[in-house]
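Shown next, in structure tokens, is the structure this report addresses.
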């Protein structure tokens, strides 16, 4: 229990709709090298800066990136690296991604921004038919591995249909792409640098809700975190919870509450959705015998379905209860009804109890 | 012709009825409190000469003409200075200063005349006197001709091979040999080519061998694409020819990104990307031209306007004057050329290349031509177009014959050369097919490689399971793929 709570300090400053939650842990967090406390967009800004510094053939582009971007992720970059390497594009997602593919195919690191994940669909053809298949179809003569698409995703409290979507499931169905989602500033910087340098096209979804609200110690140096490696961020014995991005902080709150009822939860951050780390999740479920997956995206056809099916295949005889999915409703993302749509802490807590008591 | 918006509902309805929704009215019909700003002389506006919408042209109406004439006398007498003052005033908006006008004039939907088409050789292969062009040496001309004949022969034989069931699919470039070879001849090997799929001649010019073409069509282990795609989806890194993909126009914005890279790396090279008339309707075309202009990318967009997108003729594809006029809409310098004229294509591409590289700008070339063959082996174009139309273009307008006449006129080519070339080429191609047919397919392992740079664990598992399945049910699997 103490171990679990110690790790939760990372999220000490996050709260939905401004509500703070405090842990009962009074141990100071372990500090990695020298790091300032920064928020998510600053951590991403640091990663982009390092990417541009370390590779002279790295480029950052997209709508409104020059002045700093609508979420400030690209602040100061054009001043440091110039208009030829950091630039605005016309308002055209299929153009942004197509251009990025061409740039990457010539051996450059093309870091493209799609302003909101809700607007990624015009680029779907370029991503699925071109980027994902570029290496395979050419017999490995060509590749666009240097392509990274960054895009803010997820609920923000008032975003409605077109500023709140979580489209990760569409891309998880495409062999050849990687999908990476960080849970915090520290994670985001390491995962983004790893994504940029990974020799495969990566879509990096950033939880927009955490841009300002998540603050954490982030080392100032250049570091990477491994892709396709899930992390057990909280150890437990009774049930495994799997999530990604902003949802993890909600799941953690549920874990803390469950703890009070004597339920020991193991919380896993998947981080990379494809190719995903089945081994870590399977090992955990073999220990606990129970699985709960939670994501904001609508439940039907969401990535939770893939995790559920895969674990059921691998761990059927070990499972003590059906795999639970606590996800968004099968509706467009509503405005006034957002609190009803979302997979809240209490929905998760109820599902934890139901699964444990199955 | 001056136009003015009606203030009178009745008049507007009446006139609208006469003229349709364009609502281009002559203001002098209507009572208007303000003094006239009418022009003294009738400007030669495209509207007046518009042949598309007679309703827009009021000059035909006798009544209106009389009224206008009266008004114009009034204008002459006392409003010159004020008219000039307004005329010269500039309006300042984002995007720059513009002169304003009080005449409401709609730019016509089409220019007075279609954009002219640049050609150097006439239909009989004679150089048109006074034409400006890039001269071709004998050596270059013969090489171009040789490759055009090779392409033509290769197309015939590979098409037959598909008909015989030896390869699964093929598509020809019949009628477009000049675009293929002459454009390739004007480029350097360092120029990056992003094709659509009807440009194997460019690859041929660059040195892709008959064996390599055949290997890809048979998908055997000699295929550098490792047997993953349908026939004709060639790609060759060493020839700077990006792998063909079936989706239309997707290569266009990619070409811009590649060109931007060349510019940033300060290479003495450009990108050349090919596409058909149908592709210009795709969003990627619009995205690409716009990006190319804004990014100042050294990319040449070559449109093979061959009149057909499978069964859809250009009249069902767009209503603009072809493709060339779209360039200016994006700020792209453009030219229309006779795509069946080797020298015109060669000259235009060479000049375009110079401009693209030295000025860091995109160029649009619309090469007019005709798709003599069917869209592909899955198509029978006699179902949607006249057989004599096809025959006319196949014989009277054949670009190979036309250029053949030119080299013959120069004394560089004879009938003996011709029959020898065709005979030898046919033999070589048949041989290449016979050999490629017998080569085994790529290893099963190549099904799983290159999805990513390294296969992830799910693919390793799937390969393992598949191999077990193959052992249990070998009869379900083709025997020519080595496991």
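The values are calculated or read from the model by the stated rules, or taken from the named source; none is laboratory data. This one's a predicted model, so the numbers in the text were calculated from it and none came from an experiment. FYI the Cβ positions are ideal-geometry reconstructions off the backbone, even for glycines, and counts take in every protein chain you see.
Figure legend. Inter-residue proximity from segment A:338-358: first residues within 21 Å of residue A:297 (Cβ to Cβ), second residues at pLDDT below 95, beta-carbon distance below 9 Å, spacing 6+ or different chains. Indicated pairs: A:339/A:17; A:342/A:16; A:344/A:16; A:345/A:16.
The set of residues in segment A:312-338 being over 21 Å from the mean Cα position of the chain (by Cα) and not in a loop (DSSP other than H, G, I, E, B) consists of A:312, A:313, A:314, A:315. The residues of segment A:54-97 include none that are facing another protein chain (nearest Cβ under 8 Å) and within 14 Å of residue A:41 (Cβ to Cβ).
A quick yes/no check of all residues on (1) touching a helix residue (DSSP H, G or I) at 6+ places or on another chain (Cβ under 6 Å); (2) surrounded by fewer than 20 Cβ atoms within 10 Å (Cβ to Cβ); (3) modelled with pLDDT under 95:
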{"position": "A:174", "(1), (2), (3)": "yes, yes, no"}
{"position": "A:189", "(1), (2), (3)": "yes, no, no"}
{"position": "A:198", "(1), (2), (3)": "no, no, no"}
{"position": "A:215", "(1), (2), (3)": "no, no, no"}
{"position": "A:241", "(1), (2), (3)": "yes, no, no"}
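Exactly one residue out of B:151, B:142, B:171 is in the same structural domain as residue B:207 (by TED's automatic domain parsing) and assigned to a loop (DSSP other than H, G, I, E, B), and it is B:171.
Please verify whether residue B:447 is at pLDDT 95 or above and either in contact with a strand residue (DSSP E or B) (Cβ under 7 Å, 6 or more places away or on another chain) or within 28 Å of residue A:136 (Cα to Cα) (or both), treating the condition exactly as stated. Reasoning before the result, please.
Numbers: at pLDDT 95 or above: yes; either in contact with a strand residue (DSSP E or B) (Cβ under 7 Å, 6 or more places away or on another chain) or within 28 Å of residue A:136 (Cα to Cα) (or both): yes.
Yes; evaluated as a whole, the condition is true for this residue.
Might you check whether a residue that is over 24 Å from the mean Cα position of the chain (by Cα), within 11 Å of chain A (Cβ to nearest Cβ) and touching a residue at least 12 places away in the same chain (Cβ under 8 Å) occurs anywhere in segment B:284-293? Within segment B:284-293 (the criterion being over 24 Å from the mean Cα position of the chain (by Cα), within 11 Å of chain A (Cβ to nearest Cβ) and touching a residue at least 12 places away in the same chain (Cβ under 8 Å)), the answer is no, since none of the residues qualifies.
Within segment B:299-309, the presence of a residue that is surrounded by fewer than 24 Cβ atoms within 10 Å (Cβ to Cβ), touching a residue at least 12 places away in the same chain (Cβ under 8 Å) and either more than 13 Å from the chain's Cα centre (by Cα) or not assigned by TED's automatic domain parsing to the domain that holds residue B:259 (or both) is excluded. When segment B:315-348 is filtered for residues that are in contact with a helix residue (DSSP H, G or I) (Cβ under 6 Å, 6 or more places away or on another chain), more than 14 Å from residue B:176 (Cβ to Cβ) and surrounded by 23 or more Cβ atoms within 10 Å (Cβ to Cβ), the ones remaining, listed by number, are B:323, B:336, B:346. Checking the structure you have, find out if any residue of segment B:246-253 is surrounded by fewer than 24 Cβ atoms within 10 Å (Cβ to Cβ), in contact (Cβ under 8 Å) with a residue 40 or more places away in the chain, closer than 25 Å to residue B:213 by Cα and at the interface with another protein chain (Cβ under 9 Å from one of its Cβ atoms). Yes, segment B:246-253 has at least one match.
Residue-wise test of (1) buried (at least 16 other Cβ atoms within 10 Å of the Cβ); (2) assigned to a loop (DSSP other than H, G, I, E, B); (3) modelled with pLDDT of 95 or more.
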| position | (1), (2), (3) |
| --- | --- |
| B:81 | no, no, no |
| B:84 | no, no, no |
| B:134 | no, yes, no |
| B:155 | yes, no, yes |
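Under 17 Å from the mean Cα position of the chain (by Cα), buried (at least 22 other Cβ atoms within 10 Å of the Cβ) and within 30 Å of residue B:444 (Cβ to Cβ) - does that describe any residue in segment B:227-245? Within segment B:227-245, one or more residues are under 17 Å from the mean Cα position of the chain (by Cα), buried (at least 22 other Cβ atoms within 10 Å of the Cβ) and within 30 Å of residue B:444 (Cβ to Cβ).
Of all residues in segment A:134-162, those satisfying the criterion of being surrounded by fewer than 20 Cβ atoms within 10 Å (Cβ to Cβ) and more than 7 Å from chain B (Cβ to nearest Cβ) are A:156, A:157, A:158, A:159, A:160, A:161, A:162. Restricting the search to segment A:98-122, which residues are crowded, with 24+ Cβ neighbours inside 10 Å, more than 7 Å from chain B (Cβ to nearest Cβ) and over 21 Å from residue A:182 (Cβ atoms)? Correct list: A:104 only.
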